[in-house]
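To keep things clear, I will list the structure first and then write my remarks on it.
The values are calculated or read from the model by the stated rules, or taken from the named source; none is laboratory data. The model shown is predicted, which means the values in this text are computed figures rather than measured ones. Note that each Cβ is placed from the backbone with ideal geometry, even for glycine, and that neighbours are counted across all protein chains shown.
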Amino acid sequence: MGPWPLDPRGPQAESIAFVYWILFACAVVVLAIVVGALTYSGIKFRDRPGRVAQQIHGSNTLEVVWTVVPTLMVISFTVLSWNRLNFINDVNSNVAMTVKVEGAQWAWTFTYPDQQMFKLKDGTTLQAGEQLDIPVGQKIKLELTAKDVIHSFWVPNLGGKKDAVPGHTTTMWIQADQPGTYKGQCFEYCGDGHADMLITVVAHPQSEYAAWAQTARTDAERLRDPATAAGRQAFLSGPCAGCHTVKGTTAAGKVGPELTHIASKPNIAGILSPVNQENLTKWVRNAPAIKPGIVMPKFEGTLPDTQIDQIVQWLLTLK
Ligand code: CUA
């Protein structure tokens with residue numbers, strides 16, 4: 001099932017779904033009793049020719065029952081909700097890590113904690129947009145704020161909603177019990193792009209989380225590397241752009257395959273796998289040696305080696 005609060009995948013969402021089902025079941029029972037009694041009386045005591053209505057002056061038993069039973073129900077709902085709210089609002093005990101979340105028109109930014117695992121070479125901390133990666137089975141505290149207007153963070157399978165308010169920090173926590181991808185959505189109308197303000201939480205097995213962080217750091221470093229910008233420049237102004245399209249750039253060639261998401265593809269030209277630095281370099285240097293007869297020429301000797309390396313570096317950022 002998709003992003004749906006009644007498909008809980010973590011302890012907080014479970015506790016919310018539990019309260020929901022109890023309230024829903026009680027509401028159904030009350031509805032059945034009230035509508036049943038109304039229907040029954042309506043049919044049984046309806047007006048008929050010659051019939052004189054019987055006058056009744058109260059029933060103590062009935063009045064006690066319909067006062068005491070609803071009172072007890074409301075009190076139990078209060079106690080139950082209070083108990084669950086304490087659990088949901090407890091953002092501080094057993095927290096594995098704290099992520100800062102900023103909502104802005106119209107995207108979310110996640111800043112990972114100030115720990116070695118998330119440190120980049122320039123001393124800053126790993127940041128990500130739209131997607132938050134967390135370890136499974138751990139309580140993740142979120143510190144929310146907003147840049148412009150009020151937004152609301154909600155990943156239904158993992159927990160409740162919380163507003164992100166400009167100038168304030170609000171807190172909540174999420175936890176996923178199984179690895180997977182959980183979708184969410186800004187839940188406070190925040191302007192034209194509100195519907196596009198999506199959230200993706202990816203939960204990794206704990207044993208794989210460090211490896212994910214390593215990859216994320218490498219990707220972030222690569223984006224900031226001046227060689228990447230140089231590679232982009234070389235690609236767009238060189239022969240590459242004549243044949244290949246990269247959406248969002250001036251490269252619009254139609255001869256070769258589109259490279260907009262080359263770094264996420266399973267292979268290069270259907271033949272070289274995986275798409276990594278080593279294989280891309282081999283390919284750009286001498287594609288005909290790998291796939292004889294291909295239109296793409298050999299660039300070894302045509303382009304300087306450093307330029308080929310820079311182009312490959314940029315291609316690796318095209319996810
Ligand atoms: Cu942000 Cu709606």
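Residue under question is THR245, and the condition is that it be surrounded by fewer than 12 Cβ atoms within 10 Å (Cβ to Cβ), among the hydroxyl-bearing types (Ser, Thr, Tyr) and more than 21 Å from ARG222 (Cα to Cα); does it hold?
So THR245 does not fit the description; no.
Identify the residue in the range 197-245 that is at pLDDT below 90 and not in a helix (DSSP H, G or I) and, among all such residues, is nearest to the chain's Cα centre (by Cα).
Only one residue fits best here, namely ASP225.
What are the pairs with Cβ atoms under 8 angstrom where one residue, in the range 235-256, is farther than 15 Å from PRO297 by Cα and the other, located anywhere, is surrounded by fewer than 16 Cβ atoms within 10 Å (Cβ to Cβ) and acidic (Asp, Glu)? Sequence gap at least six, or different chains.
THR245/GLU258; VAL246/GLU258; LYS247/GLU258
Can you report the number of residues in the range 272-319 which are of a type in the set (D, E, K, R) and assigned to a helix (DSSP H, G or I)?
Of the residues in the range 272-319, 5 are of a type in the set (D, E, K, R) and assigned to a helix (DSSP H, G or I).
Let's see how each residue does on (1) within 22 Å of GLN12 (Cα to Cα); (2) not charged (D, E, K, R):
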{"position": "VAL65", "(1), (2)": "no, yes"}
{"position": "PHE77", "(1), (2)": "yes, yes"}
{"position": "LEU80", "(1), (2)": "yes, yes"}
{"position": "ARG84", "(1), (2)": "yes, no"}
{"position": "ASN94", "(1), (2)": "yes, yes"}
{"position": "THR98", "(1), (2)": "yes, yes"}
{"position": "GLU102", "(1), (2)": "yes, no"}
{"position": "TRP108", "(1), (2)": "yes, yes"}
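Hey, LYS147 hits all of (1) under 21 Å from PRO8 (Cβ atoms); (2) in contact with a strand residue (DSSP E or B) (Cβ under 6 Å, 6 or more places away or on another chain) but one; which does it fall short on?
(1)
Name the pairs: first residue in the range 96-112 and closer than 8 Å to GLU143 by Cα, second residue within 12 Å of the ligand (Cβ to nearest atom), Cβ to Cβ under 7 Å, at least 6 apart or on different chains?
Partner pairs satisfying both residue conditions: VAL101/TRP108; VAL101/LEU144; VAL101/PHE153; VAL101/ALA164.
What tally of residues in the range 98-108 results from selecting those that are at pLDDT 95 or above and either away from the ligand (no atom under 16 Å from the Cβ) or touching a helix residue (DSSP H, G or I) at 6+ places or on another chain (Cβ under 7 Å) (or both)?
Summing the residues that are at pLDDT 95 or above and either away from the ligand (no atom under 16 Å from the Cβ) or touching a helix residue (DSSP H, G or I) at 6+ places or on another chain (Cβ under 7 Å) (or both) in the range 98-108 gives 3.
Look at the range 47-78 and say how many of its residues are of a type in the set (Val, Ile, Thr) and within 32 Å of the chain's Cα centre (by Cα).
1
Only one residue in ARG9, ARG84 is within 30 Å of ILE199 (Cα to Cα), out of contact with any helix residue (DSSP H, G or I) (no Cβ under 9 Å at 6 or more places or on another chain) and surrounded by 10 or more Cβ atoms within 10 Å (Cβ to Cβ). Which one?
ARG9
Quick check on this structure: which one of GLY123, GLY103, GLY137 is farther than 30 Å from CYS26 by Cβ and touching a Cys at 6+ places or on another chain (Cβ under 7 Å)?
Within the list GLY123, GLY103, GLY137, the selection yields GLY103.
Give the range 147-160 a look and list any residue that's crowded, with 24+ Cβ neighbours inside 10 Å and either within 13 Å of the ligand (Cβ to nearest atom) or hydroxyl-bearing (Ser, Thr, Tyr) (or both), or say none.
HIS151, PHE153 - these are the residues of the range 147-160 that are crowded, with 24+ Cβ neighbours inside 10 Å and either within 13 Å of the ligand (Cβ to nearest atom) or hydroxyl-bearing (Ser, Thr, Tyr) (or both).
Search the range 162-220 for residues being in contact (Cβ under 8 Å) with a residue 60 or more places away in the chain and of a type in the set (Val, Ile, Thr), and hand back the single one that is farthest from the ligand (Cβ to nearest atom).
So the residue we want is VAL202.
Residues that are of a type in the set (Asp, Glu): list the strands (runs of 3 or more DSSP E) wholly contained in the range 34-147 that include at least 1 such residues.
Counting at least 1 such residues, we get 95-104, 131-135, 139-146.
Filter the range 173-202 for residues that are under 21 Å from GLU102 (Cβ atoms) and among the hydrophobic types (A, V, I, L, M, F, W, C) and give the result.
Across the range 173-202, the qualifying residues are TRP173, ILE174, CYS186, PHE187, CYS190, ALA195, MET197, LEU198, ILE199, VAL201, VAL202.
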